[in-house]
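The values are calculated or read from the model by the stated rules, or taken from the named source; none is laboratory data. Just so you know, these numbers come straight off a predicted model, no measurement behind them. Cβ placement follows ideal geometry from the backbone for every residue including glycine, while neighbour counts extend to all protein chains displayed. Protein only, heavy atoms only, side chains kept; ligands, DNA and RNA dropped before computing areas. Shrake-Rupley method; radii C 1.70, N 1.55, O 1.52, S 1.80 Å.
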Amino acid sequence: MGPGHLERIFDRVGHFGRFQIFLYFICAFQNISCGIHYLSSVFMTFTPRYTCKPPGNVSQVIFHNLSSWRLEDTWALLSPGQEDHITVRLQDGEIWELSRCSRIRRENISHLDYEYSGTKSNFLCEDGYLYDQSKWKSTVVTEWNLVCDRKWFRILIQPLFMFGVLLGAVIFGHLADRLGRQVILWSTSSGIFLFGVAAAFAVDFYSFMAARFFLAMAASGYLVVGFVYVTEFIGMKSRTWASIHLHSFFAIGVMVVALTGYLVRTWWLYQVILSTVTAPFILCCWMLPETPFWLLSEGRHKEAQRVVDMIAMWNGTNSCKLSEILSLNIDDPVYSSPTAVKKHNLFDLFRDWTVSARTLSVWLVWFTGSLGFYTFSLNSVNLGGNEYLNLFLLGIVEIPAYVFVCIGINSVGRRNMMVFSLFFSSVSCGVIMVIPQDNHVWIVMVTMAAKFAIGSVFGLIYLYTAELYPTVVRSLAVGSGSMVCRVASILAPLSLSLVSSWIFIPQLLTGILAFVSGVLTVNLPETLGKPLITTWEEAAKLKSENNSSSSKLLPTTNNIRLEKVEVINPGDSSLEE
């Protein structure tokens, strides 16, 4: 069934009527849950101030010139970047120097001074650690002591989650083609809820990581299949903005994380509350029908007809007979003559120097967009000021970014929008690095500007990639870009571990990549006003035709809408955050 057939159906029953609106917001609501779990680790893996636990009960504490009876009084004086120790006297008279990853026993216990040059004995933190509970009563870090020689377990939490995202997109995208969209929506949503709760009640760190891994697969699977499901129900006249604004609901999930983190300071309760967000969708997703186009692809014509009749009833329009729609071009050689279909692979994206340069440039933009998105979001706790407000603002700024993309793509062009967003992000990263670190307000504001630009890149790169390649490899191009995007999302948390060396390393990496990506994007062809290319010959001519008249070409919005029909293949795992 060709794209023309799809649009004839929507012309009859409605492109975005009451039925599509109802279905769109139900499925978009579940995107909130996906956004929640993608970034819930921002606070769940927060590392508070900590020190080695003494081997007994403390009777007196000395920290520089401060003397106290409680260790809790010294937390505010400890600096994260300094290796100061705390001197304590135990009830049995022993004197210990406590630091983050070791403890020292003084042999001379006659003088309780902060500085001591006598004989000492060094010991490991065999009794565990003491944590500052002024911000969080407990986190994953404090639950399983993911500090010192175990800090790499904490660092690997988010990369392993993102690896699950990559696998989930591939696996559930393939299953959706075989089993249908509806059953995958229900199973992935149930998995999000079950594995989300399981992570909260994990008995040890390894079961926690396993639950998070399967949670990532389920959330990723929903994003991919949910996008396809929605676009298969929406006609071309509304498909462009509807698909782009699905990202906005993901951003709402980020804001929910910030609000929940502010209100709930116990990690397992925080995780349970966030997991319940998916419950309303599970309760009502059984009402969602299978898409008529998947049913038709499986030869289930009567079921597809019932779905089309239901859409028409909801929208108050006249239904159509699918048998008539499908037979309109039955004598057309395009539909009646068997043709040999050539299989394409990744090497087709490197068929010559021009296409290779285009592919590498596009991949770098995908990589930069993902690295910047997760770097800015995960680094919100290091910006200073109120970390909950920081993440909330970095989430809400994405929504106007997607509106900006929708307005700008048909006025200034795709390439110009992309170049502007990349350069603006690069400049913003540079500005962040020259702002004094104690000026938290300006750092957050400029970071919001950088996140706005990266959000624009994210909202545009799917469409722009699809328009740069011919039909035969279009899905492959977008899918491969998404895989590069996932690699960047795995590396982003690892880059944040370098802030202990220099706090601005994440911004430096993102800024450099954004600048290089912007320079390379200048050399890419403009696709505004151009019809979707179908052959490699048209792809080669695309750049040389940038300045030619496009008055006889199809409107760009139609190109977008047709594109969304042509790449509706969840197996490509290309349509997700």
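Restrict the check to region 261-275 and report whether at least one residue is at pLDDT 85 or above and under 24 Å from residue 171 (Cα atoms).
yes
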field: Close pairs (6 angstrom Cβ cut-off, 6 or more residues apart or separate chains): touching a residue at least 12 places away in the same chain (Cβ under 8 Å) and closer than 15 Å to residue 37 by Cβ in region 158-171, among the hydroxyl-bearing types (Ser, Thr, Tyr) and crowded, with 18+ Cβ neighbours inside 10 Å anywhere
entry: 158/41; 162/489; 165/220; 168/220; 169/220; 169/573
message: Looking at (1) open to solvent by 50 Å² or more (accessible area, probe 1.4 Å); (2) closer than 30 Å to residue 388 by Cβ, which one does residue 105 not meet, given that it meets all the others?
response: (2)
field: Residue list for region 108-152, filter: of a type in the set (S, T, N, Q) and touching a strand residue (DSSP E or B) at 6+ places or on another chain (Cβ under 7 Å)
entry: 121, 122, 138, 142, 145
- prompt: Does residue 404 satisfy the condition of being closer than 22 Å to residue 254 by Cα and surrounded by fewer than 22 Cβ atoms within 10 Å (Cβ to Cβ)?
  reply: yes
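Residues are listed down the side, and each one gets a yes or a no for (1) of a type in the set (Ser, Thr, Tyr); (2) in a helix (DSSP H, G or I); (3) surrounded by fewer than 20 Cβ atoms within 10 Å (Cβ to Cβ):
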{"position": "348", "(1), (2), (3)": "no, yes, yes"}
{"position": "358", "(1), (2), (3)": "no, yes, no"}
{"position": "365", "(1), (2), (3)": "no, yes, no"}
{"position": "370", "(1), (2), (3)": "yes, yes, no"}
{"position": "378", "(1), (2), (3)": "no, yes, no"}
statement: Scanning region 71-120 for residues that are in a loop (DSSP other than H, G, I, E, B), modelled with pLDDT under 85 and among the hydrophobic types (A, V, I, L, M, F, W, C) gives 78, 109, 112
- line: Across region 388-401, the tally of residues that are in contact with a Ser or Thr (Cβ under 7 Å, 6 or more places away or on another chain) and open to solvent by 20 Å² or more (accessible area, probe 1.4 Å) stands at 1
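Of everything in region 130-150, what is under 15 Å from residue 51 (Cβ atoms) and open to solvent by 40 Å² or more (accessible area, probe 1.4 Å)? Give them in sequence order.
130, 133, 134, 145
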message: With the requirement that a residue be under 16 Å from residue 509 (Cβ atoms) and open to solvent by 50 Å² or more (accessible area, probe 1.4 Å), what does region 410-432 give you?
response: 427, 431
Any hit, region 452-472, residues being surrounded by fewer than 23 Cβ atoms within 10 Å (Cβ to Cβ), at pLDDT 90 or above and aliphatic (A, V, I, L, M): no
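Among the listed residues 420, 404, 392, which satisfies the condition of being without any contact (Cβ under 8 Å) to a residue 40 or more places away in the chain, part of a helix (DSSP H, G or I) and not hydroxyl-bearing (Ser, Thr, Tyr)?
It is 420.
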task: Could you tell me which of the residues 192, 171 is closer than 20 Å to residue 214 by Cβ, open to solvent by 70 Å² or more (accessible area, probe 1.4 Å) and part of a helix (DSSP H, G or I)?
output: 171
message: Checking residue 125 against (1) among the hydrophobic types (A, V, I, L, M, F, W, C); (2) assigned to a loop (DSSP other than H, G, I, E, B); (3) open to solvent by 80 Å² or more (accessible area, probe 1.4 Å), only one condition comes out false. Which one?
response: (3)
message: Residues to consider are 198, 211, 218; find the one that is open to solvent by less than 20 Å² (accessible area, probe 1.4 Å) and either in contact with a strand residue (DSSP E or B) (Cβ under 8 Å, 6 or more places away or on another chain) or at pLDDT 95 or above (or both).
response: 211
message: Report every pair of residues separated by at least 6 positions or lying on different chains whose Cβ atoms are under 6 Å apart, first residue within region 350-366 and under 15 Å from residue 525 (Cα atoms) and at pLDDT below 90, second open to solvent by 10 Å² or more (accessible area, probe 1.4 Å) and part of a helix (DSSP H, G or I).
response: 356/350
- prompt: For residue 451, which of the numbered conditions (1) in a helix (DSSP H, G or I); (2) out of contact with any Leu (no Cβ under 6 Å at 6 or more places or on another chain) fails to hold?
  reply: (2)
- line: Conditions (1) at pLDDT 90 or above; (2) in contact with a Leu (Cβ under 7 Å, 6 or more places away or on another chain); (3) within 12 Å of residue 27 (Cβ to Cβ) -> residue 189 fails only (2)
task: Only residues that are over 20 Å from the mean Cα position of the chain (by Cα) and at pLDDT 80 or above: list them for region 473-501, please.
output: 498
